[in-house]
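Q: Sharing a structure, written as structure tokens. Questions coming.
The values are calculated or read from the model by the stated rules, or taken from the named source; none is laboratory data. The shown structure was predicted, so the numbers you read here are calculated from the model rather than taken from an experiment. Positions of Cβ are generated from backbone atoms using ideal geometry, with glycine treated the same way; all protein chains shown enter the neighbour counts.
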Amino acid sequence: MLAAEPLDIVCILTPPASRLRIVADVAIAGHAILVEKPMATTRADAEEMRQLCDAAGVPLSYGASYRHLPALKQARALIAEGAIGDVILLREDFIGGRGPASRAALPPWHYPEGGIGGTGMGLVDHGVHLIDAFAWLADSPVTWASGRGNRSGNALETEYAILGLASGATGHLLYEDGTWPTQLPSEGQFSWGASWDAAGYHPGGAWHTHPGSIHVHGTHGALRIFHYAHALYLTDADGTRQIALDGDPAPDHFRVQIDAFAAELRCGTPPATSADAGITALTVLEAIYASAGRNVAIES
């Protein structure tokens, strides 16, 4: 296919452990690449991907798909306008499931044994979205990190991360999908978009009892971002109100991501979400794993 077809973009959506070899093949063939999250299983592999593409003159875009969700885009615009003042805390958690027996780690061919790993709703396979999104929302890089993540092949534990941003804001992630949720049914949200959680895929267009959400707290207000349910709420001294959103809900953000990359290729501009974003996310993940609960500085 690489040799015979006039391809414009190759999207590499295979398990992370396989991506370096495929990037090498596609780069040699001279095709533009969009690589899914996490970019690889190690920072070293991700950096090699960037080097291969740079040497071949091939554009390499990182699939930070949360940046294309309408609720996050509108939240970022509100933060930039000063709607909630200075950001002081960003947080997201997923705690629920159907007990320990209901969850299973992603297999070794996805995340090789001994390295980063865990479940589909854990720190690596899901939390990597938030590591990128927190810094993007606050427009401030992560400068230190601590926490604990599951390793492939080991017993599954509760995962967490505390992130320090250059601005002084703190990020907090907490994941445990081997228990039961505590939210009450009335605390749910009508979900306009498709979503994923420990129970699997939800097509949207229905009441979702436990929708995922991101909380952003500032000095003048706070935002509740229902990224998949396609809803955004602003709370400040005037009370709580829903903010209108432009664009279609998930899974349309994947189309928007591809459209953006295609437009960049047509214009000859570098990818707005480059390999650097994927490498940074892996750098933070590796610092969390290395921390053993201690703060570890992130070097850019």
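Q: Step by step: first the residues of the range 47-103, then only those that are charged (D, E, K, R) and without any contact (Cβ under 8 Å) to a residue 12 or more places away in the chain, then the one that is nearest to LEU173 (Cα to Cα). Which residue is that?
A: Ranking the qualifying residues of the range 47-103, first place goes to GLU81.
Q: Can you give me the number of residues within the range 14-34 that are in contact (Cβ under 8 Å) with a residue 24 or more places away in the chain, of a type outside the set (Gly, Ala, Ser) and farther than 17 Å from THR283 by Cα?
A: Number satisfying all stated conditions: 8.
Q: Of the residues GLU187, GLU264, GLU176, only one is over 23 Å from the mean Cα position of the chain (by Cα) and of a type in the set (Asp, Glu); which?
A: Residue meeting the stated conditions: GLU187.
Q: Does GLU113 satisfy the condition of being surrounded by fewer than 23 Cβ atoms within 10 Å (Cβ to Cβ) and within 23 Å of ARG21 (Cα to Cα)?
A: yes
Q: Another one. Look through VAL87, VAL23, VAL10 and report the one residue that is out of contact with any Pro (no Cβ under 6 Å at 6 or more places or on another chain), surrounded by fewer than 22 Cβ atoms within 10 Å (Cβ to Cβ) and not charged (D, E, K, R).
A: VAL10
Q: Same structure again: Six or more apart or on different chains, Cβ atoms under 7 Å: show the pairs whose first residue is in the range 269-284 and over 15 Å from ASP45 (Cβ atoms) and whose second is assigned to a loop (DSSP other than H, G, I, E, B) and at pLDDT below 95.
A: Short answer, once both residue conditions are applied: VAL284/ILE298.
Q: Looking at (1) in contact with a strand residue (DSSP E or B) (Cβ under 6 Å, 6 or more places away or on another chain); (2) in a loop (DSSP other than H, G, I, E, B), find the lone condition where TRP144 falls short.
A: Of (1) in contact with a strand residue (DSSP E or B) (Cβ under 6 Å, 6 or more places away or on another chain); (2) in a loop (DSSP other than H, G, I, E, B), only one is false for TRP144: (2).
Q: Tally time: how many residues in the range 103-116 are touching a Gly at 6+ places or on another chain (Cβ under 7 Å) and either assigned to a loop (DSSP other than H, G, I, E, B) or not β-branched (Val, Ile, Thr) (or both)?
A: 7
Q: Could I ask something else about it? What residue, among those in the range 189-227 that are surrounded by fewer than 16 Cβ atoms within 10 Å (Cβ to Cβ) and among the small types (Gly, Ala, Ser), is nearest to PRO251 (Cα to Cα)?
A: GLY205
Q: Identify all residues within the range 28-45 that are within 26 Å of GLU299 (Cβ to Cβ) and either of a type outside the set (A, V, I, L, M, F, W, C) or within 16 Å of the chain's Cα centre (by Cα) (or both); write none if there are none.
A: Once the filter is applied, which keeps residues that are within 26 Å of GLU299 (Cβ to Cβ) and either of a type outside the set (A, V, I, L, M, F, W, C) or within 16 Å of the chain's Cα centre (by Cα) (or both), the range 28-45 yields VAL35, GLU36, LYS37, PRO38, MET39, ALA40, THR41, THR42, ARG43, ASP45.
Q: Could you check the range 1-94 for helices (runs of 4 or more DSSP H) lying wholly inside it with 1 or more residues that are closer than 18 Å to ILE131 by Cβ and of a type in the set (A, V, I, L, M)?
A: 43-56, 70-81
Q: Only one of these is β-branched (Val, Ile, Thr) and closer than 19 Å to PRO59 by Cα: ILE243, ILE288, ILE258. Name it.
A: Result of the check over ILE243, ILE288, ILE258: ILE258.
Q: Taking TYR62 as meeting all but one of (1) crowded, with 21+ Cβ neighbours inside 10 Å; (2) out of contact with any Gly (no Cβ under 7 Å at 6 or more places or on another chain); (3) hydroxyl-bearing (Ser, Thr, Tyr), write down the number of the exception.
A: Of the numbered conditions (1) crowded, with 21+ Cβ neighbours inside 10 Å; (2) out of contact with any Gly (no Cβ under 7 Å at 6 or more places or on another chain); (3) hydroxyl-bearing (Ser, Thr, Tyr), the odd one out for TYR62 is (2).
Q: Which residue, of LEU130, LEU123, is of a type in the set (A, V, I, L, M, F, W, C), in a loop (DSSP other than H, G, I, E, B), in contact (Cβ under 8 Å) with a residue 40 or more places away in the chain and in contact with a Gly (Cβ under 9 Å, 6 or more places away or on another chain)?
A: Just a single option satisfies the conditions, and that option is LEU123.
Q: What single numbered condition from (1) farther than 19 Å from HIS126 by Cα; (2) in contact with a Pro (Cβ under 6 Å, 6 or more places away or on another chain) fails to hold for ALA194?
A: So ALA194 meets the others, but not (1).
Q: In addition: Among the residues in the range 165-174, are any farther than 18 Å from LEU90 by Cα and at pLDDT 95 or above?
A: no
Q: How do the pairs read when you match residues in the range 181-210 that are at positive phi with residues anywhere that are modelled with pLDDT of 90 or more and part of a strand (DSSP E or B), using Cβ under 6 Å and keeping only pairs 6 or more apart or on different chains?
A: Final answer for the pair search is GLY204/SER191.
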